[in-house]
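A.B. asks: The structure is given below, and queries will be raised subsequently.
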Amino acid sequence: QFVQADAASRRGLTQVLGMMTHSVPVGTSVQVSLAVDVIKFHLGPALLAVHLYGSAVYGGLKPCSDIDLLVTVAERPDEAIRRALMLSLLQHSAPPGQSKILRALEVTVVARDDIIPWRYPAQRQLQFGEWLRADILAGTFEPPCVDPDLTILLMKARQHSTALVGPSADKLFDPIPKSDFLRVLAETIKLWNSPQDWEGDEQIVVLTLVRIWYSAATREIAPKDVAAQWALKRLPMAHKEVLLEACEAYLGHRQDHLAFRAVELAGFVDFVKNEVIELLRFSNDA
């Protein structure tokens, strides 16, 4: 076990929890603290900052929400460090809805020189998530890669995050140009073109599409349920039930049977994609 049950470790954990009391949602502070300890242990002096962002600090954690951590380092970690960190994080994370004490962690590691000064698209050094559990256990680790989604991630961190280590995100990271934000929206909607592209991820795709639609129209980023409520007021009746089911399943109010709504789901995807394309086409910022 990484966290040793000795007096010094207990004192350190108590101090960290005390500092996090007012910034981390009740029920997650121990898990977040242990995750931060793991990150500190593996990244050592290279660690510059750890930011908690996403639904934990904006919009509220839902039944299956991840805990999102953005980690910034002064130098790119080598392969041994990357592998060891991801294996250690497995011990402090659980698939959504499968543990009474652990949530799914999503941990993204970026090197300062890859994102400061800002340029698009940026590179990430590592991303840990429960969707990678089987690969990690099998010894398969994704290499560092260019990730356009860092554009939105850094925007979210600058707007709403808690610094667990280091300076606040708005002081550490450069502002993201509006043109890069709109560019990543346009590129993301190209991912979904046929049922095979959303098979098994129907709920995620539906909610992601309405967030993109909301962002294309407002130039802002909103929590999934907020974007869904906005979209429901603008959807034709034929497409509302798909979104209602996805939203209510996300909130834990009903089962998700979107996989059995193939025709309706395809119609929903086409409608929202076309709305986004039109909004971006006539944008003065694009």
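A.B. asks: Counting other Cβ atoms within 10 Å, which trypsin sites (Lys or Arg not before Pro) in the range 45-105 have at most 14 and lie in a DSSP loop?
C.D. replies: Filter output for the range 45-105: Lys100.
A.B. asks: Next question, about the same structure. What does the accessible area per residue of the chain come to in Å², with a 1.4 Å probe and no ligands, DNA or RNA counted?
C.D. replies: Using a 1.4 Å probe on heavy atoms only, each residue of the chain averages 49 Å².
A.B. asks: Follow-up. Mind giving me the nanometre distance, one decimal, between the label points for Val226 and Arg261, set 7 Å out from Cα along Cα→Cβ?
C.D. replies: Taking the two extended label points, one gets 2.4 nm.
A.B. asks: Right, here's the next one. How much length would be gained if the chain were fully extended between Leu137 and Lys62, taking 0.36 nm per residue of separation minus their Cα-Cα distance, in nm to one decimal?
C.D. replies: Stretched out fully, the Leu137 to Lys62 stretch lengthens by 24.3 nm.
A.B. asks: Determine the calculated [θ] at 222 nm for the chain from helices alone, applying -39500 (n - 2.57) to every DSSP H run no shorter than 4 residues and normalising by the residue count; nearest 500 deg cm²/dmol.
C.D. replies: -14500 deg cm²/dmol
A.B. asks: Given Lys233/Lys273; Lys190/Lys224; Lys178/Lys240, which pairs have Cα atoms separated by over 26 Å?
C.D. replies: Table pairs above 26 Å Cα-Cα are Lys178/Lys240.
A.B. asks: If you roll a 1.4 angstrom probe over the protein chains with everything in place, what fraction of the accessible area of the range 104-243 belongs to carbon and sulfur, to the nearest %?
C.D. replies: Whole-percent figure for carbon plus sulfur exposure: 51.
A.B. asks: Follow-up. Among the GluC sites (Glu not before Pro) in the range 200-256, which ones are in a DSSP loop with at most 16 other Cβ atoms within 10 Å of the Cβ? Mind listing them?
C.D. replies: For GluC sites (Glu not before Pro) across the range 200-256 that sit outside H, G, I, E and B with at most 16 neighbouring Cβ atoms in 10 Å, the list reads Glu220.
A.B. asks: Shifting gears a bit: Lysines near Lys171 by alpha-carbon distance under 20 Å, same-chain residues fewer than 8 away left out - which ones?
C.D. replies: Filter leaves Lys156.
A.B. asks: So how do Trp131, Trp198 rank on accessible area, 1.4 Å probe, biggest first, that is with the largest at the start?
C.D. replies: Trp131, Trp198
A.B. asks: Okay, next question. Per-residue HN-Hα couplings for the range 34-46, Karplus 6.51 cos²θ - 1.76 cosθ + 1.60 at θ = phi - 60°, whole Hz, x for Gly and Pro?
C.D. replies: Along the range 34-46, the couplings run 5, 5, 5, 4, 4, 4, 4, 4, 7, 9, x, x, 6 Hz.
A.B. asks: Which whole-Hz ³J(HN,Hα) couplings does the range 77-94 yield from phi under the Karplus relation 6.51 cos²θ - 1.76 cosθ + 1.60, θ = phi - 60°, glycine and proline marked x?
C.D. replies: Running phi through 6.51 cos²θ - 1.76 cosθ + 1.60 with θ = phi - 60° gives x, 7, 4, 5, 5, 4, 5, 5, 5, 5, 5, 5, 5, 4, 6, 10, 9, 8 Hz.
A.B. asks: So what are the ³J(HN,Hα) numbers for the range 271-277, from phi and the Karplus equation (6.51, -1.76, 1.60; θ = phi - 60°), rounded to whole Hz, Gly and Pro as x?
C.D. replies: 4, 5, 4, 5, 4, 5, 4
The values are calculated or read from the model by the stated rules, or taken from the named source; none is laboratory data. Remember, it's a predicted structure, so these values are computed and weren't measured experimentally. Glycine also receives a Cβ, built like all others from the backbone with ideal geometry; neighbour counts cover every protein chain displayed. Areas reflect the complete protein model, heavy atoms only, side chains present, ligands, DNA and RNA absent. Shrake-Rupley method; radii C 1.70, N 1.55, O 1.52, S 1.80 Å.
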